[in-house]
Amino acid sequence: MSKVRIGIVGAGRIGKLHAENLRQFKDVEIRAISDIFADQARGWAAQNGIERVTEDYRDILSDPDIDAILICSPTDTHVDIIKEAANAGKHIFCEKPISLDLSKTVQVLQWVKQAGIKFQLGFNRRFDHNMSRVNELLKAGKAGELHILKITSRDPAAPPESYIRSSGGLFADMAIHDFDLARFLTGSDVEEVYVQGAVRVDPVFAECGDIDTAVTTLKFKNGVLGVVVNSRQAHYYDQRVEAFGSAGTIAIQNDTPSTVEWFSSAGGVRRETPLYFFLERYKEAYVKEMRCFVDAVLNDEQVPVDVNDGYQAELIAFAAGISLREKRPVLLAEAEARLAQEV
Ligand SMILES: NC(=O)c1ccc[n+]([C@@H]2O[C@H](COP(=O)([O-])OP(=O)(O)OC[C@H]3O[C@@H](n4cnc5c(N)ncnc54)[C@H](O)[C@@H]3O)[C@@H](O)[C@H]2O)c1
């Protein structure tokens, strides 16, 4: 195979972003895009050299000239599309999370395995230049033996109520990225989760049965302790990591448009505000994750973030939900046992 022929499902924010990134690759052909509001996507598709726009994603799945699909439609559509795509033998890149129902994600694990296809999940933060450098240094032992991993992840502004209602909640929608990053950086699965959560930003979160602020402590199977600090509203995008170990600390700061500092005659020193949100901060990471997916399909290599990574992050989010409701630490083994009862 010298080119990967791709179809994209969902022409929203993230679908368009991935399409525009894939256009940079000479070994990729975007053959079609589908969106239930196809007419709204036609102008953009034409500008981006995508000739075929369809309302029904099944048109993409039944096209024998398409090797792989990107699932960029809303989360509640993922499971059905994955099932049909796996049956059709298409390789899959799926946006996070796989599902808001962990028992369905368990089924996805089986379908992907049975189909023998590539399945990469959109945990883009692993590909961020800072996060991947921290990972390299940790794996090279530069912090010695890791003791504590701290992840700060705060959004600039809370999403609208309509989004909050269908998001699946702070853990499944937002912290899931941090839970995956934590597994990536520690190189370990999580053993136990304990959450303190609150509504500190806007009462609308409580009306939706959600929280907007959380501190999640994680105990990893390899003995490392972790803490993930989340807020839906920090007024700037705050994405930092600190890895503290027996031989030192490895930390990153937020990315800014420049490193200019302004020493004012009025006193004080000002720096630039961090890059606004995920589209700006993780711009390059989105390109890199696509490059890895395309390479995995072209060269029959392993994907760097697989379906089990998606499941493990969702399992942590599931356990975090139990911990929040029952106000106690929760072992992941217990969460998995509860899940098995539900299935
Ligand atoms: N990795 C990340 O950083 C990241 C960032 C944002 C969103 N996401 C994920 O990406 C997914 C999409 O999010 P978004 O922000 O792009 O949403 P969006 O609402 O901007 O776009 C979704 C698009 O899918 C279309 N759609 C709905 N049902 C469809 C169907 N059955 N077939 C084809 N198209 C359909 C909608 O019309 C819309 O255009 C979600 O799962 C979300 O969690 C991931």
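No lab work stands behind these numbers, since they all come straight from the coordinates. Quick caveat, the model's predicted, so the values are computed rather than measured. Positions of Cβ are generated from backbone atoms using ideal geometry, with glycine treated the same way; all protein chains shown enter the neighbour counts.
Taken along its three principal axes, the alpha carbon spread of region 4-117 comes to 40, 25, 22 Å, from the longest extent down to the shortest. Only lysine pairs 8 or more places apart or on separate chains count here, and in region 4-117 those with Cα atoms under 21 Å apart total 12. Helical content alone sets the calculated 222 nm signal of the chain at -11500 deg cm²/dmol, taking -39,500 (n - 2.57) per DSSP H segment of four or more residues and averaging over every residue.
Remark on GLN120: its backbone amide H falls under 5 Å from those of ILE92, PHE93, CYS94, a criterion applied only to residues 5 or more positions apart or on other chains, H modelled at 1.01 Å from N. Beta bridges from DSSP with both residues in the chain: antiparallel share about 55 percent, rounded to the nearest 5. Separation of region 1-61 from region 165-202 is 31 Å, based on Cα centroids. Computed from the C-beta positions of LYS3 and GLU326, the FRET efficiency with R₀ = 56 Å rounds to 0.60. In summary, the lysines within cross-link reach of LYS142, defined as a Cα separation below 19 angstrom excluding same-chain residues under 8 places away, comprise LYS150. Axis of helix 332-342 versus longest Cα principal axis of the chain: the two differ by about 40°, to the nearest ten degrees. When the Cα atoms of the chain are aligned to their principal axes, the ranges along those axes come out at 61, 57, 45 Å in descending order.
The H on the amide N of ILE30, modeled in the peptide plane, is under 5 Å from the matching H of ILE6, each at least 5 residues off or on a different chain.
Residue by residue, region 158-165 carries 3J(HN,Hα) couplings of 5, x, x, 4, 4, 5, 4, 4 Hz when phi is fed to the Karplus relation 6.51 cos²θ - 1.76 cosθ + 1.60 (θ = phi - 60°); x denotes Gly or Pro. For region 78-226, the spread of Cα positions along the three principal axes, ordered from largest to smallest, is 45, 44, 28 Å.
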